[in-house]
1. Check LYS101 against each of (1) more than 21 Å from ILE353 (Cα to Cα); (2) surrounded by 15 or more Cβ atoms within 10 Å (Cβ to Cβ) and name the one condition it does not meet.
2. What pairs can you find where one residue is in the range 56-80 and within 16 Å of TYR23 (Cα to Cα), the other is of a type in the set (Lys, Arg) and surrounded by fewer than 21 Cβ atoms within 10 Å (Cβ to Cβ), and their Cβ atoms are less than 6 Å apart, with a gap of 6+ or different chains?
3. Of all residues being part of a loop (DSSP other than H, G, I, E, B) and of a type in the set (Gly, Ala, Ser) in the range 202-230, which is nearest to the chain's Cα centre (by Cα)? Just the residue, please.
4. Given the options ALA381, ALA343, name the one that is small (Gly, Ala, Ser), in a loop (DSSP other than H, G, I, E, B) and either within 28 Å of LEU238 (Cβ to Cβ) or touching a residue at least 24 places away in the same chain (Cβ under 8 Å) (or both).
5. Taking the condition more than 16 Å from the chain's Cα centre (by Cα), under 17 Å from TYR348 (Cβ atoms), assigned by TED's automatic domain parsing to the domain that holds PHE351 and of a type in the set (A, V, I, L, M), does VAL33 pass?
6. Return the residues of the range 311-333 that are in a helix (DSSP H, G or I) and either closer than 28 Å to LEU356 by Cα or modelled with pLDDT under 90 (or both); say none if nothing qualifies.
7. Go over the candidates LYS88, LYS101 one by one and state the one that is over 28 Å from LEU15 (Cα atoms) and out of contact with any strand residue (DSSP E or B) (no Cβ under 8 Å at 6 or more places or on another chain).
8. Given the residues LEU114, LEU85, which is the only one that is within 24 Å of the chain's Cα centre (by Cα), closer than 30 Å to GLU210 by Cβ, surrounded by fewer than 18 Cβ atoms within 10 Å (Cβ to Cβ) and modelled with pLDDT of 95 or more?
Amino acid sequence: MAKFSSSEWQRINTLFDQLPEKYGLPKRRSKSVIIGSFNIRKLGTVKKRSPQSWAFLTNMISRFDLIAIQEVMDDLSGLEHLVSLLGKNYGMVVSDVTGAKPGSAGNAERLAFLFNWKKIERTALASDITFDRSEIANNLYDNRSAFNKAWMKHTQRLKDWKVKVAEKKAQGKNAPSKPPIELPKFVSFIRQPHCVSFRIKGDENTKPIEFLVINAHLLYGRKKKEREWEFRALLEWLTIRAKYVKKLYHPNLLLLGDCNLDFDTVPVMRQDIDAFLKGLNKTILKSKKAASANFPLLSAHPEYGIIKTALRQKATYDQIGFFSNDPRLPSPKDNSTAGTHGANGYDYGVFNIANLIANALHGKNIDQISVAQKKAIYKKAEFDISDHMPVWVRLARI
């Protein structure tokens, strides 16, 4: 596996130390908190990453007061190593494995939170987000015709696959992978989102802000519609839960995670989400009031424009979503003025790792270097750092 050389890492870290804010990494300030999300590709054993990579990740994450991390492997030694490098001011909360049956092959992973004890307090709640069995059973029954067609189609695909396996075996070649079942409707999450309660400590006499924070790594399916099913199901769960604020352990919900959204234009997705949330209020919640939801990364930032979160700069997979009942938290209208309310005011963005590396090694942004140079950076960075970039939001404590 290709990795950056020691001299390349020296150049990367030198530029990082000099100009991290230039590439979107926010400064730490006492009267505000930085909250974010980062899919760290296959974060497992310590030896899978170079010492320089661990140092880079530590320097980056030390800017965050609360960060949700996806793709943590069953082996927690790497995550524990990262926490030890961050120091005594940081704690962690991690889920058990999800996404595969224990003991079976599959892409099982954990969902984790790292947080700064000085500004963030963990409170009592921790739970997976699931749909109960009766809901799933009713869904299967109501859509039984569509599911029956899916079972028949899958049965034929399995027969065809077994023929190909036999052919490849006879040729001495590797067998093709077993085809997955293609579902016609949403049934349940491929990985259960993990919910933990946190409190942003107030500054002096300021009242704390309390959240239920949901860490999610949604489906990266073969079809775009499968991704949207999961995202909409999670939106529905959060919207309905947030509506009954008196029953919530904390009054606000915050979604952080890799939602694997794949869309051509951000404004269209923004409009679709707004329409979906308003539809929920009319059909399920029986209310004329639209849900108070804000996904800042689906709005063009006033300074940076449309934000991409994949290392290859092609998608906004990672998301931050507020479902708030606290007027201190940002609403969609606040996105158009993000970054203009003083040093501790509301802002959001992405740490553009790709541009940092490209500038360190070639003196130009990633979109200004040659195709060969891009490929070399992606090949090394995707496995030694990640194929995603961390997203963040700044919230005032005053």
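The values are calculated or read from the model by the stated rules, or taken from the named source; none is laboratory data. Model, not experiment: these values are computed from the prediction. With ideal geometry, Cβ positions are generated from the backbone for all residues, glycine too; neighbour counts draw on all protein chains shown.
1. (2)
2. ARG63/ARG28
3. Of the residues in the range 202-230, the ones part of a loop (DSSP other than H, G, I, E, B) are 202-208, 218-223.
So of that shortlist, the ones also of a type in the set (Gly, Ala, Ser) come out as 202, 221.
Details: GLY202: 26, GLY221: 16 Å.
So, considering only residues that are part of a loop (DSSP other than H, G, I, E, B) and of a type in the set (Gly, Ala, Ser), the one nearest to the chain's Cα centre (by Cα) is GLY221.
4. Numbers: ALA381 fails: in a loop (DSSP other than H, G, I, E, B).
Exactly one of ALA381, ALA343 is small (Gly, Ala, Ser), in a loop (DSSP other than H, G, I, E, B) and either within 28 Å of LEU238 (Cβ to Cβ) or touching a residue at least 24 places away in the same chain (Cβ under 8 Å) (or both), namely ALA343.
5. On the way: more than 16 Å from the chain's Cα centre (by Cα): yes; under 17 Å from TYR348 (Cβ atoms): yes; assigned by TED's automatic domain parsing to the domain that holds PHE351: yes; of a type in the set (A, V, I, L, M): yes.
Yes; evaluated as a whole, the condition is true for this residue.
6. Keep residues of the range 311-333 that are in a helix (DSSP H, G or I), which gives 332-333.
Result: PRO332, single match.
7. LYS101
8. Values: LEU114 fails: surrounded by fewer than 18 Cβ atoms within 10 Å (Cβ to Cβ).
After ruling out the rest, the residue left standing is LEU85.
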